[in-house]
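Working notes for the structure below.
Just so it is clear, none of the values below were taken in a lab; they were calculated from the coordinates. Predicted model only: the values in this text are computed from it and were never measured. Cβ sites come from the backbone with ideal geometry, for glycine too, and all protein chains shown count toward neighbours.
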Amino acid sequence: DTAVSQTPKYLVTQMGNDKSIKCEQNLGHDTMYWYKQDSKKFLKIMFSYNNKELIINETVPNRFSPKSPDKAHLNLHINSLELGDSAVYFCASSQLDTPGTEAFFGQGTRLTVV
Amino acid sequence: AQTVTQSQPEMSVQEAETVTLSCTYDTSESDYYLFWYKQPPSRQMILVIRQEAYKQQNATENRFSVNFQKAAKSFSLKISDSQLGDAAMYFCAYRSGDSSYKLIFGSGTRLLVRP
């Protein structure tokens, strides 16, 4: 069973379109995250939700809107896609009250905007 | 703000040899956690090893060990008996001891393993 699963794995779309990436975790964790990995492999956090509440929002354009319907799911919706949005987007989860444990990552979604 | 620096963009090691990847970090906190993640070509982020800042003993996981120097703010990863499957990007990451669990990553080191 996949612990953190993202769909789709690959997404190619035109500038100006709106797209969503879905993420689900079956680890029972209470916190989920979105990270962005750019073309130089640099990873940076975008958002974090704890029990469906937004706890981290790292200076991300408001074209990006996360939504957490329940603590097992965190989706990322992107409006008016731009060329610079091309990247790999990783979903992750962890349990906030056990700080020494690691975050578990999904396989990533490679988004290409043409 | 905390920062993580990996000064080696790429390293190369002969199979069965030992290699050390460097990581330094900057923080004013006393409570934090450090991690090494591996990212093979499959893109999956895999935890290699973790270290709690309050523990003086260096963490070890099979062929992987760290040299944690808290005063120097250094957290290097040693891979012994390197295998072809160790070839990957390696990321050093810092997590504050507060409740945010935000991981701050270094820029990564690409490890090549020569057969």
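Assorted remarks:
- Put simply, when A:55-67, B:20-32, B:38-50 are sorted by average Cβ atoms within 10 angstrom per residue, most first, you get B:38-50, B:20-32, A:55-67.
- Taking the inverse of the mean 1/r over every pair of distinct Cα atoms in the stretch B:3-115 gives a Kirkwood hydrodynamic radius of 14.1 Å.
- With N the number of residues in the stretch B:45-93, Rg(Cα) / (2.2 N^0.38 Å) evaluates to 1.18.
- As a rough footprinting exposure proxy, the listed residues A:S48, B:S82 were ranked by other beta carbons within 10 Å of their own, and the order from fewest upward is B:S82, A:S48.
- For the stretch B:45-92 versus the stretch A:65-80, the gap between their alpha-carbon centres in whole angstrom: 33 Å
- Taking every alpha-carbon pair under 8 Å whose residues sit at least 6 apart, chain B reaches a relative contact order of 37 percent.
- For A:K67, the lysines whose Cα falls under 27 Å of its own Cα, not counting residues fewer than eight places away in the same chain, are A:K9, A:K19, A:K22, A:K36, A:K41, A:K44, A:K52, B:K102.
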